[in-house]
Amino acid sequence: MNKMVDQEQKIEKVERIRHSASHVMAEVVQSLFPDAKFGIGPVIDNGFYYDFDLPRSLTPDDIPIIESKMAEIIAQNLPFTSEEVSREEAKGTFAAQPYKLELIDEIPEEQMGIYRQGSFIDLCRGPHVSSTGEIKAFKLLSIAGAYWRGDEKRPMLQRIYGAAFETQGELEHYMEVIAEAAKRDHRKLGQELDLFSFHEEAGPGLVHWHPKGATVRRVIEDFWVAEHIKRGYEIVNSPHIAKIDLWKTSGHWELYRENLYSPMDVDGQEYIIKPMNCPAHILMYKTRLRSYRELPIRWAELGTVYRYERSGVLHGLTRVRGFTQDDAHIFCRPDQLEDEVVDVLEFAIYMMRTFGFEEYKIMLSTRPEKYAGTIEIWEKATETLERALKRVDLAYEVDPGEGVFYGPKIDISLRDALGRTWQGPTTQVDFNLPQRFDVTYVDVDSVAQPVVMVHRTVLGSMERFFGCLIEHYAGSFPAWLAPVQAMIIPIADRHMDYAQEVAAELRADGLRAQVDMRAERMNQKIRQAQLQKIPYMLIVGDNEASSAEVSVRLRSGEDLGRQTINAFREMAGSAISQKTT
RNA sequence: GCCCGAGUGGCGCAAUGGUAGCGCAACCGACCUGUAAUCGGUAGGCUAGCGGUUCGAAUCCGCUCUCGGGCUCCA
């Protein structure tokens with residue numbers, strides 16, 4: 001209990017420090033640029049930022065200059081003082097600050113807070129530390145453009161990001177986490193481990209899966225298919241292009257236009273590349289009448305879709321223009337919805353646990369301003385989702401108004417090994433498409449009823465999930481996923497034949513085994529296998545060749561010593577089938 | 001899309017107006033080695049693309065492409 005109170009006070013303290021650091025930074029910027037216009041300077045995770053409108057662009061060279069001037073102010077230990085002023089007084093004080101004036105106009109109360117330190121005055125509700133000397137550990141990280149109030153129609157300001165903590169040790173720890181994150185960056189590991197590439201010649205945001213990346217993907221996909229079949233799904237496939245009219249019926253042409261690629265002409269008809277798989281599944285559903293007895297129908301597809309994304313938003317595997325959704329559509333009756341959602345949530349969590357994610361954050365997004373269907377139907381579905389969440393006993397938060405126009409949704413984000421969050425599985429109820437396509441089932445009384453449709457993924461997309469997995473495991477995939485599971489390392493050329501025999505035997509067992517045939521020393525081969533993060537290194541020399549054994553080294557550096565090929569097959573086989581290490 | 005920054009052999013980097021270098025990888029040869037880099041040699045770049053300034057451009061300027069940090073948006 002006391003610990004919790006301490007924790008809360010600590011959070012408050014560190015937030016004061018961060019907020020104060022942003023004011024000190026603003027003071028420096030003001031001294032450097034007397035004409036600077038100030039935006040906002042809030043506290044964020046691990047630090048702070050401040051937005052400025054400046055006469056010239058900041059460059060990375062400005063960072064150390066601003067940093068050292070901040071240190072001077074901190075050394076002077078200037079007090080932070082606050083006062084309450086009226087709206088009119090505030091307007092007078094900030095007469096030359098258009099962004100502040102805009103903020104003042106939006107404050108509902110007539111009295112507002114002003115904080116000063118040194119020569120800097122800011123509109124601010126506080127709180128701050130009592131004097132600048134309390135800012136013990138900070139570092140400026142980067143500069144970036146940011147629209148005023150996040151609105152791209154408004155001016156672009158210059159933002160400086162900084163980190164700040166209570167102690168130097170915490171700051172250093174944070175900088176280490178950043179460095180560790182850089183080491184795990186899936187874009188870097190993707191190149192080093194020969195997993196995938198992008199090409200200027202092919203176009204941005206288009207992933208090329210190399211053999212090793214494709215192997216990991218195939219293992220995931222095989223597992224995915226098997227798990228779906230276990231849970232009563234059927235696997236389907238649908239084409240990559242369709243006539244534009246299909247997308248007009250679905251509403252995508254009207255409502256999702258900015259993400260669609262231009263139509264192409266095929267025999268005088270316009271076609272577009274699919275941005276989603278749902279219309280295809282609906283067409284298949286509608287090939288005959290469906291009885292209430294055959295619902296729910298669960299159709300899953302690893303469906304590759306293409307969506308136009310603005311050039312500036314592309315990012316490695318996590319934001320691309322062509323990707324494969326691990327999609328499924330559940331067609332069910334209203335009374336089945338809750339059970340179906342429960343099953344989907346349990347399925348999604350099972351998948352996440354299998355891949356080593358133990359922590360998640362679950363968001364329930366409710367009706368946005370623009371929506372299809374009626375308020376009653378939305379409320380009913382939202383309640384159903386909440387009941388399902390309670391049944392699976394998962395903590396969740398409500399994100400009001402963040403649902404898609406066609407229905408409420410549950411998003412699961414994952415916390416990786418470094419504590420960062422990734423968007424993962426999603427479950428969305430859809431009222432729109434069944435209506436637009438007239439998707440029905442024949443009920444007990446032989447009357448056609450609208451079907452309830454659920455879109456869901458349990459991984460998200462193959463690309464994004466793979467990127468997340470790479471960083472989560474830092475490229476050291478557990479044996480069941482590793483593209484090369486065992487590297488056989490002959491000590492001298494005369495051991496090549498035996499190495500090949502071992503490899504053949506392991507491959508016959510389904511193991512992904514290779515021999516390092518290069519004319520290199522054993523140490524070099526071990527180093528390479530180590531850098532490639534291969535789970536098992538099997539060293540073979542005279543001793544092993546004469547006794548049908550292998551010497552097993554793990555990538556942890558641990559030397560397990562000699563064992564028979566059969567003993568190794570058993571050990572590796574069990575680690576792989578249990579999906580451990 | 002917008003703001004800022006960057007783009008040099010497969011990869012990592014050097015050369016800031018004066019004939020483009022280094023390491024790793026690759027290739028060839030030698031070595032035959034017991035748990036994270038053996039030695040020697042060879043080859044490879046019209047410096048992302050196009051245009052301009054200059055006697056002379058990797059270097060300065062403009063446009064385009066791609067990448068990175070953000071904003072906005074999303075699987």
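The values are calculated or read from the model by the stated rules, or taken from the named source; none is laboratory data. Every value quoted in this text rests on a predicted model; they were computed, and no experiment measured them. Ideal geometry is used to build each Cβ from the backbone, glycine not excepted, and the neighbour counts take in all protein chains shown.
From A:P64, A:P55, A:P60, which residue is exposed (fewer than 15 other Cβ atoms within 10 Å of the Cβ), under 21 Å from A:A146 (Cβ atoms) and within 35 Å of the chain's Cα centre (by Cα)? Only one candidate passes the filter, namely A:P60. In the set A:R149, A:R159, only one residue is within 16 Å of RNA strand B (Cβ to nearest atom) and on the phi > 0 side of the Ramachandran plot; that residue is A:R149.
With the condition kept exactly as written, say whether any residue in region A:243-263 is β-branched (V, I, T) and assigned to a strand (DSSP E or B).
At the first step, the residues of region A:243-263 found to be β-branched (V, I, T) are A:244, A:249.
Keeping just the survivors that are assigned to a strand (DSSP E or B) gives none.
So far as region A:243-263 goes, no, none of its residues is β-branched (V, I, T) and assigned to a strand (DSSP E or B).
Going residue by residue through region A:374-392, is there one that turns out to be modelled with pLDDT under 95, more than 11 Å from RNA strand B (Cβ to nearest atom) and either assigned to a loop (DSSP other than H, G, I, E, B) or on the phi > 0 side of the Ramachandran plot (or both)? Yes. Based on what the data block shows, is A:T287 surrounded by fewer than 20 Cβ atoms within 10 Å (Cβ to Cβ), farther than 22 Å from A:E227 by Cβ, of a type in the set (S, T, N, Q) and at pLDDT 95 or above? Yes.
So that you can scan it fast, the table gives a plain yes or no per residue for (1) touching a Gly at 6+ places or on another chain (Cβ under 7 Å); (2) hydroxyl-bearing (S, T, Y); (3) touching a residue at least 12 places away in the same chain (Cβ under 8 Å):
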residue	(1), (2), (3)
A:K248	no, no, no
A:E258	no, no, yes
A:M276	no, no, yes
A:P279	no, no, yes
A:Y285	no, yes, yes
A:Y292	no, yes, yes
A:A300	no, no, yes
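The residues in region A:43-69 that are in a strand (DSSP E or B) and of a type in the set (G, A, S) can be counted, and the count is 1. Scanning region A:546-560 for residues that are within 9 Å of RNA strand B (Cβ to nearest atom) and outside any strand (DSSP E or B) yields A:S546, A:R555, A:S556, A:G557, A:E558.
Close contacts from region A:99-110, counting a first residue that is exposed (fewer than 14 other Cβ atoms within 10 Å of the Cβ) and a second that is of a type in the set (G, A, S), with Cβ to Cβ under 9 Å and a gap of 6+ residues or different chains, come to A:E110/A:S86. Among the residues of region A:440-457, is any under 18 Å from the mean Cα position of the chain (by Cα) and within 19 Å of A:Q325 (Cα to Cα)? Yes; the residues of region A:440-457 include at least one that is under 18 Å from the mean Cα position of the chain (by Cα) and within 19 Å of A:Q325 (Cα to Cα). Within the option set A:A214, A:A202, being within 18 Å of A:G322 (Cα to Cα) and loosely packed, with under 13 Cβ neighbours inside 10 Å holds for one residue only, A:A202.
The residues of region A:162-174 that are within 16 Å of RNA strand B (Cβ to nearest atom) and either aromatic (F, W, Y) or without any contact (Cβ under 8 Å) to a residue 60 or more places away in the chain (or both) amount to a single one, A:Y174. Which residue is farthest from A:I412 (Cα to Cα), if the candidates are limited to region A:364-392 and must be among the small types (G, A, S) and under 27 Å from the mean Cα position of the chain (by Cα)? Here the answer is A:A381. Condition check for A:Q435 on (1) more than 16 Å from RNA strand B (Cβ to nearest atom); (2) surrounded by fewer than 21 Cβ atoms within 10 Å (Cβ to Cβ); (3) at pLDDT 95 or above: one failure, at (3). From the list A:Q563, A:Q528, A:Q532, pick out the single residue that is touching a residue at least 12 places away in the same chain (Cβ under 8 Å), over 18 Å from A:L481 (Cα atoms) and more than 9 Å from RNA strand B (Cβ to nearest atom). Going through A:Q563, A:Q528, A:Q532 in turn, just one is touching a residue at least 12 places away in the same chain (Cβ under 8 Å), over 18 Å from A:L481 (Cα atoms) and more than 9 Å from RNA strand B (Cβ to nearest atom): A:Q563. Looking at region A:35-43, can you tell me whether even one residue there is under 37 Å from the mean Cα position of the chain (by Cα), within 16 Å of RNA strand B (Cβ to nearest atom), aromatic (F, W, Y) and buried (at least 20 other Cβ atoms within 10 Å of the Cβ)? No: zero hits.
Condition check for A:D399 on (1) crowded, with 17+ Cβ neighbours inside 10 Å; (2) farther than 26 Å from A:Q578 by Cβ: one failure, at (1).
Here region A:547-581 is the region considered, the condition is being of a type in the set (S, T, N, Q) and touching a helix residue (DSSP H, G or I) at 6+ places or on another chain (Cβ under 7 Å), and the residue that is surrounded by the fewest Cβ atoms within 10 Å (Cβ to Cβ) is A:T581. Applying the condition of being more than 43 Å from the chain's Cα centre (by Cα) and in contact (Cβ under 8 Å) with a residue 24 or more places away in the chain to region A:495-509 and asking which residue is farthest from A:A567 (Cα to Cα) yields A:H495. Specify the residue that is farthest from A:L459 (Cα to Cα); the eligible residues are those in region A:302-327 that are free of Cβ contacts under 8 Å to residues at least 12 places away in the same chain and of a type outside the set (G, A, S). The selected residue is A:R310. Scanning region A:227-242 for residues that are within 17 Å of A:T324 (Cα to Cα), in a loop (DSSP other than H, G, I, E, B) and not hydrophobic (A, V, I, L, M, F, W, C) returns A:N237, A:S238, A:P239, A:H240.
If the condition is being under 38 Å from the mean Cα position of the chain (by Cα) and crowded, with 19+ Cβ neighbours inside 10 Å, then region A:533-546 contributes A:I534, A:P535, A:Y536, A:M537, A:L538.
For (1) away from RNA strand B (no atom under 12 Å from the Cβ); (2) more than 30 Å from A:G145 (Cα to Cα), each residue gets a yes or a no:
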| site | (1), (2) |
| --- | --- |
| A:R310 | no, no |
| A:H315 | no, no |
| A:V320 | no, no |
| A:T324 | no, yes |
| A:A328 | yes, yes |
| A:D339 | yes, yes |
| A:M351 | yes, yes |
| A:F357 | yes, yes |
| A:Y371 | yes, yes |
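When A:H199 is tested against (1) in contact with a His (Cβ under 9 Å, 6 or more places away or on another chain); (2) under 25 Å from A:I235 (Cβ atoms), exactly one condition is not met: (2). Taking the criterion of being in contact (Cβ under 8 Å) with a residue 40 or more places away in the chain, in contact with a Gly (Cβ under 7 Å, 6 or more places away or on another chain) and either farther than 19 Å from A:Q449 by Cα or not small (G, A, S) (or both), the residues of region A:328-381 that qualify are A:M352, A:S365, A:T366, A:R367.
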